[in-house]
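Structure, as structure tokens:
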Amino acid sequence: MVSGGEETIPEERSFDYVVVGAGPAGLACARRLCDYMPSARVALVEAGGSGEDLYPALDMPMMFTSQHFTENDWRYFTTPQAGASGRSIYLPRGKVLGGTSTGNATLLNRGCAEDWDDLGEKNPGWSWSQVLPFFKNVETFHPSGLAFESAVHGQSGPLAFGHPDPAGISHKVVEGFESKGMPRVTDFFSAGAAHGCDHVPRSVHEGVRTHAGHYLSEGGWPRNLTVFYRCQVLRARIEDGPDGAKVCSGVDVHHTRTTRHFSLDATAEVVISSGAYNSPVVLMHSGIGPQGELDQHQIPVNSRVEGVGRNLIDHLMVWSFYEISDPELTNDHGFRPENHAEAEQQWHDSRSGPMASVLIGPMAYMRLDARQREEIVEWHTAGQSDGGREGDPTGAPPGAPHLEFFGTEAYGGYEEQLDTPGPGQAAISLTTLLLHQRSRGSVTLSSFHPLAPPTIDHAYLSDPLDVALLAWGCRFAHDIMTTGAGTSEVTAGPWPRDVAKPDTVDEWKQFVRDNATTCYHPSGTCKMGPADDPTAVVDARLRVYGVRGLRVADLSVLPRLPAGHPQHAVYMIGEKAAHLIAEDAGVEVLPVGG
């Protein structure tokens, strides 16, 4: 393997394949291209650094916010969100080898089978049974004391995954979920289940975070891979082919340390894996996108693809905190300021303690039944526009869940959480997450200059049904904490103590508008779809419409987010992209899903 340092640039300029972005999808794709085609020359271009100076912090799971607002973060914000009380919401994204996998909550929810089968109806090859082998290809699963389904897990992948060791409060929360109609289902979040609860697998093994960079370190570094660090791709280079068709021939690059500009040639293909915010930006600066957007910034049009940057979606969540009467059940003691040093030392000594896991506890999925839907006025007035379908205005596939609930094992962890419990006190959140939002936002260019940050408008809560569903979910979560089995035994009241919970439906809606925030799952801006879909950007083989030799492989290609937290799905997309590329190159690829 060849790689540049933070200040130097590899000399080679011509490759067979160029992958743009060294996050989970880009690293999975680049590594598998090297494996499937050992004689191919592969370049991996990363805007950030190698991250070598960030260890051991990156290994410590609970340090997942340590790189926020640093040079290893793109530091994006939304425009002021009218539906979210005018707030501009912070959108951290990793800008380092490994991307956002170096600083996420480590959760592994594959989504329910209904979500993937729905995607596969119009996009051949993307049903649950067809993507499951690629999910398995990512991991080596390490069993713990929790029950699991061996048939859905991989045993030879580059990343070490496993279940956590739950804190006492997590067992109480599971009891609460079960008492409210969400039964415990073995290996729920790996087996494609749609209704119930369980503890969630993590990208953590023996107290150490597993991130996308391990695609390069596990199994030996690929000798046919060249990595470019601190190199931001300005645009894909589009030329006229011999038959008049548009062809991608490489990328133009800016080295952020030296400010040098140079080009990389791709004799076969370029793969954009820069995420839902940056992938559409690269396409638009390449002349691929909505006509009006390109004209506004005087960018010559190479392919008019109106869906680029549109259909921006996310999972929106609302924290709701409660005091716990027995502090021994939670991990709050490890997060109080006076105990931080001790907790970190425990991790350094034994890879154990509060810093060895992220504070998220068990999760549950709920599909609203007819009686519950009847309570939501907006359900009946929303209609089928904006992605709804007959009988379900959220657009959720038949059988798929509408809401997710997850407990935490302590109070703190995020910058906005300032009311840390003191000695002898404890608090957790039972958080509500909307799985299928109707609101759709956009990523647009702020400037003709390709290094300028994009304008990101998520249009959070712009649809009244999104507000109503989250408000209903927050009320239901409150009921779980205050009347559920297990949870009601240890819930002392709201936290902080002087902040009362809402009472009326309208008060809960205002609570949602004031407190809802991103769960860091942007998607949809380069959506997959058939050729007759005017908003589709890529086809089912991830090829960009109107340009040969160019694909997109990251979460931006999914027209709808699957249920849950899609870290594992991003890896899967990178795995599948490499497999598709190798197939199209005529390579007899190895079976996947070991």
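The values are calculated or read from the model by the stated rules, or taken from the named source; none is laboratory data. Only a predicted model underlies this, so the values are computations on that prediction, with no experimental measurement involved. FYI the Cβ positions are ideal-geometry reconstructions off the backbone, even for glycines, and counts take in every protein chain you see. What goes into the accessible areas is simple: the full protein's heavy atoms, side chains included, and nothing from ligands, DNA or RNA. Shrake-Rupley method; radii C 1.70, N 1.55, O 1.52, S 1.80 Å.
Relative to the longest principal axis of the Cα atoms of the chain, helix 113-122 runs at roughly 30 degrees. Which entries in the list Lys95/Lys122; Lys180/Lys527; Lys122/Lys180; Lys246/Lys527; Lys136/Lys180 go over 25 Å, if you measure between the two C-alpha atoms of each? Among Lys95/Lys122; Lys180/Lys527; Lys122/Lys180; Lys246/Lys527; Lys136/Lys180, the Cα-Cα distance tops 25 Å for Lys95/Lys122; Lys180/Lys527; Lys122/Lys180; Lys136/Lys180. Note that the range 39-150 carries a Kirkwood radius of 17.7 Å, evaluated over its alpha carbons pair by pair. Distance distribution P(r), the range 24-84, all Cα-Cα pairs, bin width 5 angstrom from 0: 3, 13, 15, 16, 16, 14, 12, 7, 2, 2, 0 percent. In a reduced charge model with +1 at each Lys and Arg Cβ and -1 at each Asp and Glu Cβ, the chain shows a dipole moment near 1100 debye about its Cα centre. Computed from label points 7 Å out along Cα-Cβ, the spacing between Asp533 and Arg184 is 3.9 nm. For the peptides 281-288, 70-77, residues were scored by their other Cβ atoms within 10 Å and the scores averaged per peptide; the highest-first order is 281-288, 70-77. Placing unit charges on the Cβ atoms only, positive for Lys and Arg and negative for Asp and Glu, gives the range 47-201 a dipole magnitude near 380 debye about its Cα centre.
If you look at the Cα atoms of the range 123-186, you get an Rg and a Dmax of 15.1, 44 Å. When log10 I(q)/I(0) by the Debye sum over Cα atoms at q = 0.05, 0.06, 0.10 Å⁻¹ is calculated directly from the model, which label among (1) -0.32, -0.45, -0.98; (2) -0.20, -0.28, -0.82; (3) -0.28, -0.39, -0.91 fits? Among (1) -0.32, -0.45, -0.98; (2) -0.20, -0.28, -0.82; (3) -0.28, -0.39, -0.91, the one derived from this structure is (2). Debye-formula intensities of the range 232-370, expressed as log10 I(q)/I(0) at q = 0.11, 0.15, 0.22 Å⁻¹, are -0.73, -0.85, -1.39 (one equal scatterer per alpha-carbon, no solvent).
The alpha carbon radius of gyration of the range 94-247, expressed as a multiple of 2.2 N^0.38 Å, is 1.32.
For the range 451-573, the fraction of 1.4 Å probe accessible surface lying on carbon and sulfur atoms is 52 percent. Straight-line cross-link reach from Lys509 at under 13 Å between alpha-carbon atoms covers these aspartates and glutamates, not counting any fewer than eight positions away in the same chain: Glu378, Asp463, Asp466.
Net charge of the neighbourhood of Leu159, taken over other residues with C-beta under 9 Å away and scored Lys/Arg +1, Asp/Glu -1, is -2.
Per residue, the chain exposes 35 Å² of accessible surface when a 1.4 Å probe is rolled over the protein heavy atoms with every protein chain present. Restricting attention to the chain, close to 65% of DSSP beta bridges with both partner residues there are antiparallel.
For the chain, the longest principal axis of the C-alpha atoms and the axis of helix 128-138 are separated by about 80°. With a/c under 1.5 counting as rounded, go ahead and sort the range 341-451 into rounded, prolate or oblate using the C-alpha gyration tensor (a ≥ b ≥ c being the square roots of the eigenvalues; past the cut-off, prolate if a/b is larger than b/c, else oblate). The shape class here is oblate.
Peptides 398-408, 523-533, ordered by how many other C-beta atoms sit within 10 Å of their residues on average, highest first, read 398-408, 523-533. The charge dipole of the range 147-241, taken about the Cα centre with unit charges on the Cβ atoms of Lys, Arg (+1) and Asp, Glu (-1), comes to about 380 debye, rounded to the nearest 20.
For the range 50-100, the equivalent ellipsoid built from the Cα gyration tensor has semi-axes of 27, 11, 7 Å, listed from largest to smallest.
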